[in-house]
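Asker: Below are the structure tokens for one structure; questions will follow.
The values are calculated or read from the model by the stated rules, or taken from the named source; none is laboratory data. Small disclaimer: the values here were computed from a predicted structure and weren't measured. In this analysis, Cβ positions are derived from the backbone assuming ideal geometry, glycine residues included, and neighbour counts consider all displayed protein chains. Protein only, heavy atoms only, side chains kept; ligands, DNA and RNA dropped before computing areas. Shrake-Rupley method; radii C 1.70, N 1.55, O 1.52, S 1.80 Å.
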Amino acid sequence: MAKVLIVEDDSTIRTSVVRALSERGHVVTSSATAMEGLKLAVAEKPDVILLDLGLPDLDGREMLRMLRAVSQVPVIVVTARRTEDEIVRALDAGADDYVVKPYGASQIDARIRAILRRSGAPDEPRDAAVTVGGLRIDPRSRVASVDGEPLDLTPREFELLHYLAVRAGEVVSKRELLTEVWQVPYTGVDKTVDVHLSWLRRKLGETAQEPRYLYTVRRVGVRLVDPDGRS
Ligand code: CA
């Protein structure tokens, strides 16, 4: 759930996006002009702004420059102009992402979620150290240890372990790991996750046959558990 501000002068599009995102649980405000959008951006402090480039009073890129002087709120630029040059200019002006019209509500929703993950959504205390059994992972110092012994992990192994530890006890699918940790789409044949899991197991001093922390759930994914049974 996010507070979303939509700046779009086309009332048909605006109404349908407001409705679609509200149905997905977001709190949505909207404006039909750049100047009002700027005012709302300051007054309402949205988590993310969806900004149309073709606005009646100001070009969306102009508004973005003005906005950037006062706020670092993530902005997804919405454009009917699909040339690379236009997209590059929008990103250069301070946009975090863009979508090309016409677009579906699910795509916008997915991009909003992705942006909030990157910007550190308030409901994810991502900086707090995580402890599961003898495993301790501190994202601030990027130090992981098991039973007090530091683990020598690659950045990706660290991310993977942290992601699983935050969700200790839950089965996490390989699809989710690929999208969230590697940020690549899942094709169904990818062995990346398996390979990293096996490296991680070796460093944790366990095997798939005799797991302590990392349990494979066949055809579903993997679950990190407290070997002492407290999670
Ligand atoms: Ca427009």
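Asker: What single numbered condition from (1) over 28 Å from Ala110 (Cβ atoms); (2) part of a loop (DSSP other than H, G, I, E, B); (3) more than 20 Å from the chain's Cα centre (by Cα) fails to hold for Ser198?
Answerer: (2)
Asker: Out of the residues in segment 16-66 that are of a type in the set (S, T, N, Q) and in contact with a Leu (Cβ under 8 Å, 6 or more places away or on another chain), which is nearest to the ligand (Cβ to nearest atom)? Even if it seems obvious, please write down each step before you answer.
Answerer: The initial filter retains those residues of segment 16-66 that are of a type in the set (S, T, N, Q), namely 16, 22, 29-31, 33.
Still in the list and also in contact with a Leu (Cβ under 8 Å, 6 or more places away or on another chain): 29-31, 33.
Details: Thr29: 18, Ser30: 13, Ser31: 12, Thr33: 10 Å.
Of everything passing the filter in segment 16-66, Thr33 is nearest to the ligand (Cβ to nearest atom).
Asker: Starting from segment 1-28, keep only residues that are in contact (Cβ under 8 Å) with a residue 40 or more places away in the chain and open to solvent by 60 Å² or more (accessible area, probe 1.4 Å), then list their pairs with residues that are among the aromatic types (Phe, Trp, Tyr) and away from the ligand (no atom under 16 Å from the Cβ) whose Cβ atoms are within a distance under 6 Å, requiring at least 6 positions of separation or different chains.
Answerer: none
Asker: Any residue at all in segment 218-225 that's under 28 Å from Met1 (Cβ atoms), free of Cβ contacts under 8 Å to residues at least 12 places away in the same chain and outside the structural domain of Ile76 (by TED's automatic domain parsing)? Quick ask: steps written out before the conclusion?
Answerer: Initial filter on segment 218-225 (under 28 Å from Met1 (Cβ atoms)): 220-224.
Within this subset, residues satisfying the condition of being free of Cβ contacts under 8 Å to residues at least 12 places away in the same chain are none.
No: zero hits.
Asker: Then there is this: Any idea which residue in segment 195-216 is nearest to Val132 (Cα to Cα), counting only those that are open to solvent by 50 Å² or more (accessible area, probe 1.4 Å) and of a type in the set (D, E, K, R)?
Answerer: That would be Arg212.
Asker: In segment 183-194, is there at least one residue being closer than 25 Å to Asp228 by Cα and either surrounded by fewer than 18 Cβ atoms within 10 Å (Cβ to Cβ) or modelled with pLDDT under 85 (or both)? If you could, list the steps in order and put the result at the bottom.
Answerer: Applying the first criterion (closer than 25 Å to Asp228 by Cα) to segment 183-194 yields 194.
Of the ones still in play, those that are also either surrounded by fewer than 18 Cβ atoms within 10 Å (Cβ to Cβ) or modelled with pLDDT under 85 (or both) are 194.
Taking every residue of segment 183-194 in turn, at least one turns out to be closer than 25 Å to Asp228 by Cα and either surrounded by fewer than 18 Cβ atoms within 10 Å (Cβ to Cβ) or modelled with pLDDT under 85 (or both).
Asker: Starting from segment 92-111, keep only residues that are part of a helix (DSSP H, G or I), then list their pairs with residues that are open to solvent by 40 Å² or more (accessible area, probe 1.4 Å) whose Cβ atoms are within a distance under 6 Å, requiring at least 6 positions of separation or different chains.
Answerer: Final answer for the pair search is Asp109/Arg24.
Asker: Those residues that are within 22 Å of Gln183 (Cα to Cα) and at pLDDT 90 or above, I need them from segment 131-143; list them, please. Steps first, answer last, please.
Answerer: Taking segment 131-143 and keeping what is within 22 Å of Gln183 (Cα to Cα), we get 137-140, 142.
Hits for segment 131-143 are Ile137, Asp138.
Asker: Scan segment 194-208 and report the pairs whose first residue is closer than 10 Å to Val222 by Cβ and whose second residue is of a type in the set (Asp, Glu) and in a helix (DSSP H, G or I), with Cβ atoms within less than 9 Å and a gap of 6+ or a chain change.
Answerer: Note: pairs meeting the criteria are Leu200/Glu157.
Asker: Here's a check for you: in segment 140-153, which residue that is touching a residue at least 12 places away in the same chain (Cβ under 8 Å) and exposed (fewer than 14 other Cβ atoms within 10 Å of the Cβ) is nearest to Asp226 (Cα to Cα)? Don't jump to the end; show me each part of the working.
Answerer: From segment 140-153, those touching a residue at least 12 places away in the same chain (Cβ under 8 Å) are 140, 142, 144, 146-148, 151-153; that's our starting set.
Among the residues that remain, those that are also exposed (fewer than 14 other Cβ atoms within 10 Å of the Cβ) are: 140, 142, 147-148, 152.
Numbers: Arg140: 22, Arg142: 20, Asp147: 12, Gly148: 15, Asp152: 20 Å.
So, considering only residues that are touching a residue at least 12 places away in the same chain (Cβ under 8 Å) and exposed (fewer than 14 other Cβ atoms within 10 Å of the Cβ), the one nearest to Asp226 (Cα to Cα) is Asp147.
Okay, residues lined up against (1) modelled with pLDDT of 80 or more; (2) surrounded by 13 or more Cβ atoms within 10 Å (Cβ to Cβ); (3) over 17 Å from Ala20 (Cβ atoms):
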{"position": "Leu55", "(1), (2), (3)": "yes, yes, yes"}
{"position": "Leu58", "(1), (2), (3)": "yes, yes, yes"}
{"position": "Arg82", "(1), (2), (3)": "no, no, yes"}
{"position": "Ala95", "(1), (2), (3)": "yes, yes, yes"}
{"position": "Val99", "(1), (2), (3)": "yes, yes, no"}
{"position": "Arg111", "(1), (2), (3)": "yes, yes, no"}
{"position": "Arg118", "(1), (2), (3)": "no, no, yes"}
{"position": "Asp127", "(1), (2), (3)": "no, no, yes"}
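Asker: From the list Arg81, Arg111, which one is of a type outside the set (Asp, Glu) and more than 16 Å from the ligand (Cβ to nearest atom)?
Answerer: On the way: Arg81 fails: more than 16 Å from the ligand (Cβ to nearest atom).
Step by step, each of Arg81, Arg111 is checked, and only Arg111 is of a type outside the set (Asp, Glu) and more than 16 Å from the ligand (Cβ to nearest atom).
Asker: Could you tell me which residue of segment 1-34 is farthest from Lys45 (Cα to Cα), considering only residues that are within 18 Å of the chain's Cα centre (by Cα) and among the charged types (D, E, K, R)?
Answerer: Ranking the qualifying residues of segment 1-34, first place goes to Arg24.
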